[in-house]
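The values are calculated or read from the model by the stated rules, or taken from the named source; none is laboratory data. Just so you know, these numbers come straight off a predicted model, no measurement behind them. A quick note on method: Cβ atoms are made from the backbone with ideal geometry, for glycine too, and the neighbour counts reach across all protein chains shown. The accessibility values were calculated without ligands, DNA or RNA, using every heavy atom of the protein model including side chains. Shrake-Rupley method; radii C 1.70, N 1.55, O 1.52, S 1.80 Å.
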Amino acid sequence: MSSFTWKDLKRRRTQTILTIGGVMFGAFTFTSLILFEESIRFQLIGQIGRELSMGFANVFSQFLTFTNIIIFLGSLVLSSAVVHDSMEQRRRDIGIMKSVGCLARTVYGYFILEIFFIVGLGTVLGVLSGIAANHITFTLSNFGFQYFSTQINFLNIVFITVIFFISCTLIGVRSIRKTVLMNSATAISSLREEDVSYSESFLSQINFGLSLKIVFRNILRRRWEALRTIISLTFIIMFVTTLTVGGAIANFTTQHYVSRAIGSNVLLIGHPDIIQKYTISLTMTDNILEEEFDLFNPKYAITDNFIERLSTLEGVLKLDRRLLAETVIREVPGVIIDPDEPDIYTTIGDHRQANAFVVGIYPQEIVNNWVLLGDSLDEESRSTVMIGDALASNTFTRALDQKIIIFNKQLEIKGIVLDPLNKGYVTYTYLDELQSLIGTSTINFIFIQIEEKKLNEAILSVQDILKDTVFKVEELNPILYERLSFLNNNWSLVQLAPFLAFIAAIVAIFNYMTLSTLHQKRTIGIMRSVGAKNNFILKILYLQGTIIIILSSIFGIGLGLIMNFVLLIPSPYIPSSSLLQILFCIVIAIALLSIAGIFPAKRIIRFPITEIISNP
């Protein structure tokens, strides 16, 4: 590095430190958070796949991938904005160098070297700090966290770091190149003539108080800088909203999926063997199919007399008759015909097979409300099935374009359900169809959904009906709550990343607003030189920062919510009260940022006027 470049960086050491800090913080954020998420991904997703189903594991996997992309883009946008704003502050220096005879390529070379030093040092320090933070996290994980992994994919880190470095550098180079091509007088002047005339013509048409007039005049005459700031902050707030709200939405939505799949206030009635088999299949991680278990033993059959007595219970919302069977199902290869050229087709699938539950149901009676891809069972075509998500993803290529063989009969697949029963290895078909395939006319268990306030009373009534029989009743709410708690605990771990990203964004935005305030150092000095009081200047800067942050928040939060509800997760669900609480926290944090933005100005005001004006 040349002595000129080094001296120039030392001369503007505050801006240099802030710029390096901004780049470093961006690199640290994406490195540490991406490593954190990658360290928990494999074991966490595997655990969820074993405890619930692959469909739920895929939701977690998609969220982690989406979060990594958002974190990287957010870090890149903010770091690039810091570099760009720092280089824009060199416009006057470049104009002076050109006016005293420096060649454009010489000026260009000096400042390109500065950009390489600032971005390179910030990136290296940030990445190394991120790796160190990940190592510390792993060390702490030895004291109780079970999901962390020490494996680091250094190739990915190097690749992402190179992209980060190149992007930030190109942003800075573009800013310098634009300034170098300017006329010297234009570069030296802090304002362009058309900017002043534009703001004056606009403000003359409206009636504001003095403070707001000065605020809007500052914003309008520096409208390109203000627009850059608004765009940068909009992206950052959008990313923060997407991560924080997205984590909550994913948590609430997956819990809602489980509630829909298991059902609330549901009683399971059947033989103790059937009850044990069904409940274990909702909670245990191992495959619980047993070839010796005869589900069609006459002792498991529930008679119509019991069904009639159960249907008369007070508070019954639904009575869901079912027949549980287990077998080896087989995949049938499908054919995809080109709609434009019917003679051309593609064969998909193989002849894979898997152990699975087969459950006979009446669709109009079911207590479940599964998340469904495709169509549900209907009266018109009873020789159809819905299959679980794990069965669809692991045994079929394109399940909805294929068929399935159950008990030696080929059936059409109508839909795919997200269901934790037997970890997603389950098939649902019409009860009459399954009875026909098996050669029976009985059922072996019943679900009853009860009004919540009458649940305890209903349990006692059912127990009274079953007291002289071999059948028992089991409430499914404890299993549901245990599954929801399992999901919530895992989401709590995953949501550490959005929370840390939120904290990182707050610090980074403050750093950026500080750099932006320093950009107005000369303006502050001029205002003081004409007699403006310190409190008045602080009020101007506070209002100016508040207006910019409010505008950025409106666009950023709006775009973040759109990304959450449109892109992040299918069929999103979140209680309105929880969403309002999260947004309220974001707004409070942003409001505190606008207040914190006046602290750099307080520091500047303490300096003598001549020093402020002479060292912009």
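Taking Ile94 as the residue in question, decide whether it is β-branched (Val, Ile, Thr) and under 23 Å from Val507 (Cβ atoms).
Spelling it out, it is not the case that Ile94 is β-branched (Val, Ile, Thr) and under 23 Å from Val507 (Cβ atoms).
Can you tell me which residue within segment 226-244, out of those that are crowded, with 20+ Cβ neighbours inside 10 Å and of a type outside the set (Val, Ile, Thr), is nearest to the chain's Cα centre (by Cα)?
Result: Leu243.
In segment 454-479, how many are touching a residue at least 24 places away in the same chain (Cβ under 8 Å), open to solvent by 30 Å² or more (accessible area, probe 1.4 Å) and not aliphatic (A, V, I, L, M)?
Qualifying residue count, segment 454-479: 7.
Tell me the residue from Leu559, Leu551 that is within 16 Å of the chain's Cα centre (by Cα), modelled with pLDDT of 75 or more and surrounded by fewer than 19 Cβ atoms within 10 Å (Cβ to Cβ), please.
Only one candidate qualifies: Leu559.
What tally of residues in segment 330-352 results from selecting those that are part of a strand (DSSP E or B), over 20 Å from Ser383 (Cβ atoms) and touching a residue at least 40 places away in the same chain (Cβ under 8 Å)?
2
Open to solvent by 10 Å² or more (accessible area, probe 1.4 Å), under 16 Å from Asn408 (Cα atoms) and among the hydrophobic types (A, V, I, L, M, F, W, C), is that true of Ile438?
yes
Among helices (runs of 4 or more DSSP H) lying entirely in segment 166-263, which contain 1 or more residues that are at pLDDT below 75 and under 27 Å from Ile549 (Cα atoms)?
On the way: elements: 184-188, 193-203, 210-221, 223-262.
Output list reads 193-203, 210-221, 223-262.
If you check Leu113 against the conditions, is it at pLDDT 80 or above and of a type outside the set (Val, Ile, Thr)?
Criteria met by Leu113.
Does at least one position in segment 586-600 carry a residue that is at pLDDT 75 or above, β-branched (Val, Ile, Thr) and either surrounded by 15 or more Cβ atoms within 10 Å (Cβ to Cβ) or closer than 21 Å to Asp85 by Cα (or both)?
No, because not a single residue in segment 586-600 is at pLDDT 75 or above, β-branched (Val, Ile, Thr) and either surrounded by 15 or more Cβ atoms within 10 Å (Cβ to Cβ) or closer than 21 Å to Asp85 by Cα (or both).
Return the residues of segment 44-74 that are among the aromatic types (Phe, Trp, Tyr) and more than 12 Å from Asn490 (Cβ to Cβ); say none if nothing qualifies.
Phe66, Phe72
Name every residue in segment 62-97 that is open to solvent by 30 Å² or more (accessible area, probe 1.4 Å) and either modelled with pLDDT under 75 or over 14 Å from Phe239 (Cβ atoms) (or both), in order of residue number.
Residues satisfying the conditions are Gln62, Thr65, Arg91, Arg92, Ile96.
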